[in-house]
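I have placed the structure first, in the form of structure tokens, so that the comments after it can refer back to it.
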Amino acid sequence: MLLSRVFSTLALTGLLIAPTYAKSLPNLPKTTLTQGVLQVGTLSLQRCVEGLAYCGQLNRPFDPAGEVAGSIPIRFEYYPRQDQAHPALGTIVAVEGGPGYPSTGSYLEYLTLFKPLLNHRNLLLVDNRGTGHSQVIDCVQLQTAPTLTVRNTGQCGQSLGNRADLYGTGLAADDLAAVLDTLQTGKVDLYGDSYGTYFGQTFAARHPDKLRSVVLDSAYQVPNSSPWYPFDAPTMRRAFNVTCERNSNCRNLPGTSIERITKLIDQIRVTPITGQAYDGNGDLKSVTLNAVSLSYLMSGNATGPVVFRELDAATRAYLAYGDTAPLLRLIAENNTIADSRDPARDPKYYSTGLFTAVSCTDYDQIYDMTAPPEVRYRQRNAAIARKMITDPEVYAPFTIAEYNQQPLDYSLLDLCLSWPVPSAAHPPTKPIPDGAQFTTAPTLVLSGELDSLTAPPDGRTTASFFPNGQQVLVANSFHVTAVFDRDHCAAEIVRRFVDTLSPGDTACAAKITEVRTVPTFATRLDQLPAATAITGNTGTTEDLQRVTAATLAAGDVVARWWMNQDYTGVGLRGGKFGYTSQGYVFHYALDHLAWIAGVEASGTLDWDYNTGLVTAQVKLSGSETPTGTLTIQWQDRQPQALATVTGTIGGRAIEAVMPAP
């Protein structure tokens, strides 16, 4: 998960207390604690992770077929329940996404998600083969290259030699089954997010009797999948349109959001836009906006709210008066944040080699992986030619060619062209064998309504595979709904499901706050709508437009949190900000931030991620602004929220409201 960088710093007060054990527990014959060593099943585990967990390893045959000799260590972290006086109610197994992220790398996120259950339940995190501490794949050329290419992915595969086809999801699922047997856990509750749902389906079909329950958060189907991912583009189009329709500043505009964006695409196909813009970390980048980079933006950045919040307004600003700044900023930010690799390019945090190995072993392709690369190229060309005849709008509003020029880890069509041909001992096989029966354990599939990476129709189909499966659609939500859940909805549903085997009342999933859209990007004060004066206001129309500018600048800072990796950033038209965090509260310092030139805001802003309350205290300055002081406040998670603004500008009293930014 890309947001782990932020939440690894959050205080988890009272989450776990690492106890000191002086005796074994007679009621728990399979779990014995002695002198900092935990005996679980047949393994002795050592204390690790700052005393929160016990770490262990199970050596597994690298190749069950026996062609490749040797074993691979499967490393895991075991978090024993806090209440050691009573028998455990069970063990939760959480599986991370990617593929390429290690499950142990997200331990804080999973501890937070399942915290209310961990008094009586154990938590187990296993790094899949090739990730994290389970003999991670380190293809330097993929970890460090500016982007994936057909050449460097092929080189990675060649460097793995006869192991290249031994990292598939089926083998990883079998590794987990062996760990569970060795630890003697009994039936487990399995939670998987993103690729973890692909793994979860595979495990549920290969080892159905080992499961008490299954939760698949943001699922894409394993059986009957298509290499074209046909649900993604329709979901993306709908997401932009419904986001607009749910905002008063957008719903009454002529046409739909996608129709306006399509007009932009038509123009930049002819005349791309080049320039410089700051990314989310405040680094100045040279960028180009064309159909390919816009496709990348609408795919890579569609896992969060910013592109839906801003792209329509940025498009209108360019079409109306040629303002390129908001569009170029979105492209610069996406080029940085959409990269799955951590800034240090350490494969232990995310292995691009493992991502490629799993993709080329398990995922359906538009060419035959048993054919040599030169044949695959011809098959690729023929498949695309057929698709252009039978379904040319599969990626609309983009062409197939434009979509396929995105980075390979998003477009995927060309990713495996040069990956090694699998050996005869390991022919391409489906992770779930034909005829396999999915577990009868209760299964919950969560889908973000606006998630075009793992689209809701994929989740609906996935739920149908399970005899006792059901889907819950989480409104106005994106990719992975329960981890980092700030609406106290999806996470509660998951915990209730694990606890009781029923999701219970899911009404909250239909009430998630809409993504608030930017009303307009402006270059001049008179282009901004004025805030609405209320009782006590003596400010002028221009003052109320300055209120709008200051409030939008404050909202822009909060929105940039999703794009930022180093706690500092810059304003759209100038100025800068920095922030620190205390638990779930983020404290911002604002320094002459400008939403439009001539209106600058300096001061502080506090954002409580947990409650949604935002409060800013700013002083106004700038060539278009008399001296002023404003207090701006809104509730970030209240549907159709209003911002209240009080203070003075030029000695005139300001009392106003406007849609929350």
Checklist entry - Hey, which lysines would be in cross-link range of residue 619, C-alpha to C-alpha under 27 Å, not counting anything within fewer than 8 residues on its own chain? => result 576
Checklist entry - How large are Rg and Dmax for the range 206-245 when only the alpha carbon atoms are used, in Å? => result 15.6, 46
Checklist entry - Suppose R0 equals 30 Å; then what is the FRET efficiency for residue 436 and residue 385 from their Cβ-Cβ distance, rounded to the nearest 0.05? => result 0.30
Checklist entry - In Å², what does the accessible area per residue of the chain work out to with a 1.4 Å probe? => result 37 Å²
Checklist entry - For the chain, can you list the cysteines whose C-beta has no other cysteine C-beta under 4.7 Å from it? => result none
Item to check | Accessible surface of the range 158-212, 1.4 Å probe, proportion on carbon and sulfur as whole % | outcome: 43 percent
Checklist outcome for this item: Expressed in Å to one decimal, the Kirkwood Rh of the chain from all distinct alpha-carbon pairs is 26.2 Å
Item to check | Label-to-label distance, nm, for residues given as residue 346 and residue 532 (7 Å Cα→Cβ offset) | outcome: 5.1 nm
Item to check | 32 Å Cα-Cα threshold exceeded, pairs from 263/387; 430/511; 285/387 | outcome: 430/511; 285/387
Next on the checklist: If I compute solvent accessible area with a 1.4 Å probe over the protein chains, what percent of it on the range 438-542 is carbon and sulfur?
Outcome noted: 50 percent
Checklist entry - Ignoring ligands, DNA and RNA, what percent of the 1.4 Å accessible area of the range 308-385 is carbon and sulfur? => result 53 percent
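The values are calculated or read from the model by the stated rules, or taken from the named source; none is laboratory data. Bear in mind the structure is a predicted one, so any value in this text is a computation, not a measurement. Here the Cβ is made from the backbone with ideal geometry for all residues, glycine too, and neighbour counts use every protein chain on show. For the accessible areas, the whole protein counts, side chains as well, though only heavy atoms, and no ligand, DNA or RNA atoms are used. Shrake-Rupley method; radii C 1.70, N 1.55, O 1.52, S 1.80 Å.
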